[in-house]
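A.B. asks: Here's a structure for you.
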Amino acid sequence: MNLNELDGRIGEGWSGQAPNGSHVNVVLARRGSPMAAAALSMLAHPAPGHTPVLVCVGPTQQEYEPVWPPTLMMNKATALDGEHQRITWGAAQLGIAQGVLDAVADGLLEASGDLLVLVAVWIDPEAANETPVRSASRAATRKALGVCVEGRDPQAAAALVERRDSLQSPFHGRD
């Protein structure tokens, strides 16, 4: 697919079971575009508990290498507790890397520096098991990238419109 057509595409994915699941939002950006500039600017604006990182993998820190296409990760849940930080920047980062590489292996994306992948990930602060968090982050990232590139099923979008008056959220309804 043409990189200009991918620029600004958005996708979403959830996988796993709470509290060890993963929810991601993905944005694709073509290198040199305003979208890429906005994505890269987040690296310059960390906040306590929200540290953007270039997704890297390796058995040790000295052996880190970035995933290709370059992937930027930002956590959506404030990570102040040491265990939540470890699971977010460890298990979730590894799962995101694997999900991006799955998309490359599937021919959905090219391993090119001309495309940036921005992933905002939510890991529950109560998450306690890194293996399902990694697996969930991998599956959620691959799912979201599929939506970015292939688009949303028009029938699913139409069905959502039809159900709009009866929609629910697990974070609503407590009053």
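The values are calculated or read from the model by the stated rules, or taken from the named source; none is laboratory data. All of these numbers come straight from a predicted model, not from anything done at the bench. Glycine gets a Cβ as well: all are built from the backbone with ideal geometry, and neighbour counts include every protein chain shown. In case anyone asks, the SASA skips ligands and DNA or RNA and just uses the protein heavy atoms, side chains included. Shrake-Rupley method; radii C 1.70, N 1.55, O 1.52, S 1.80 Å.
For every residue, the table says whether it meets (1) out of contact with any Leu (no Cβ under 7 Å at 6 or more places or on another chain); (2) of a type in the set (A, V, I, L, M, F, W, C).
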site: 84; (1), (2): yes, no
site: 92; (1), (2): yes, yes
site: 112; (1), (2): yes, no
site: 116; (1), (2): no, yes
site: 125; (1), (2): yes, no
site: 129; (1), (2): yes, no
site: 142; (1), (2): yes, no
site: 161; (1), (2): yes, yes
site: 167; (1), (2): yes, yes
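A.B. asks: Hey, does segment 106-114 have a residue that's open to solvent by less than 40 Å² (accessible area, probe 1.4 Å), in contact (Cβ under 8 Å) with a residue 12 or more places away in the chain and assigned to a helix (DSSP H, G or I)? If you could, list the steps in order and put the result at the bottom.
C.D. replies: We begin by selecting, within segment 106-114, every residue open to solvent by less than 40 Å² (accessible area, probe 1.4 Å); these are 108-109, 112-113.
Remaining after also requiring in contact (Cβ under 8 Å) with a residue 12 or more places away in the chain: 108-109, 112-113.
This time we only want the ones that are assigned to a helix (DSSP H, G or I), so: none.
Within segment 106-114 (the criterion being open to solvent by less than 40 Å² (accessible area, probe 1.4 Å), in contact (Cβ under 8 Å) with a residue 12 or more places away in the chain and assigned to a helix (DSSP H, G or I)), the answer is no, since none of the residues qualifies.
A.B. asks: Scanning segment 151-166 for residues that are assigned to a helix (DSSP H, G or I) and of a type in the set (Gly, Ala, Ser), which turns out surrounded by the fewest Cβ atoms within 10 Å (Cβ to Cβ)? First the steps, then the outcome.
C.D. replies: Within segment 151-166, the first condition is being assigned to a helix (DSSP H, G or I), and the residues that meet it are 154-162, 164-166.
Narrowing the set further to residues that are of a type in the set (Gly, Ala, Ser) leaves 156-159, 166.
On the way: 156: 8, 157: 10, 158: 10, 159: 10, 166: 6.
Per the stated criteria, the residue is 166.
A.B. asks: Does segment 7-16 contain at least one residue that is under 20 Å from residue 113 (Cα atoms), open to solvent by 70 Å² or more (accessible area, probe 1.4 Å) and free of Cβ contacts under 8 Å to residues at least 12 places away in the same chain?
C.D. replies: Scanning segment 7-16 turns up no residue that is under 20 Å from residue 113 (Cα atoms), open to solvent by 70 Å² or more (accessible area, probe 1.4 Å) and free of Cβ contacts under 8 Å to residues at least 12 places away in the same chain.
A.B. asks: Something else about it: If I ask for residues that are farther than 17 Å from residue 121 by Cα and touching a residue at least 12 places away in the same chain (Cβ under 8 Å), which ones from segment 30-48 would you list?
C.D. replies: Hits for segment 30-48 are 30, 31, 33, 35, 36.
A.B. asks: Cβ-Cβ under 8 Å, sequence separation 6+ or interchain: first residue in segment 55-81 and closer than 19 Å to residue 40 by Cα, partner open to solvent by 90 Å² or more (accessible area, probe 1.4 Å) and not in a helix (DSSP H, G or I). Which pairs?
C.D. replies: 56/64; 56/65; 69/110
A.B. asks: Here is a list: 78, 60. Which entry is of a type outside the set (A, V, I, L, M, F, W, C) and within 22 Å of residue 125 (Cα to Cα)? Steps first, please.
C.D. replies: On the way: 60 fails: within 22 Å of residue 125 (Cα to Cα).
Just one listed residue meets the conditions, 78.
A.B. asks: Mind checking which helices (runs of 4 or more DSSP H) fall wholly inside segment 5-105 and carry at least 1 residues that are over 14 Å from the mean Cα position of the chain (by Cα) and under 27 Å from residue 170 (Cβ atoms)?
C.D. replies: 82-86
A.B. asks: Of all residues in segment 115-139 being open to solvent by 60 Å² or more (accessible area, probe 1.4 Å) and touching a Gly at 6+ places or on another chain (Cβ under 6 Å), which is nearest to residue 3 (Cα to Cα)? Full working, then the answer.
C.D. replies: Within segment 115-139, the first condition is being open to solvent by 60 Å² or more (accessible area, probe 1.4 Å), and the residues that meet it are 122, 125-126, 128-131, 134, 138.
In the following step, the residues that additionally are touching a Gly at 6+ places or on another chain (Cβ under 6 Å) were identified as 134, 138.
Values: 134: 28, 138: 23 Å.
Checking each candidate, the answer is 138.
A.B. asks: Would you tally the residues in segment 18-35 being small (Gly, Ala, Ser), closer than 14 Å to residue 113 by Cβ and open to solvent by less than 10 Å² (accessible area, probe 1.4 Å)?
C.D. replies: Just the residues of segment 18-35 that are small (Gly, Ala, Ser), to begin with: 18, 21-22, 29, 32-33.
Narrowing further to those that are closer than 14 Å to residue 113 by Cβ: 29, 32-33.
With open to solvent by less than 10 Å² (accessible area, probe 1.4 Å) added as a condition, the list becomes 29, 33.
So the answer is 2.
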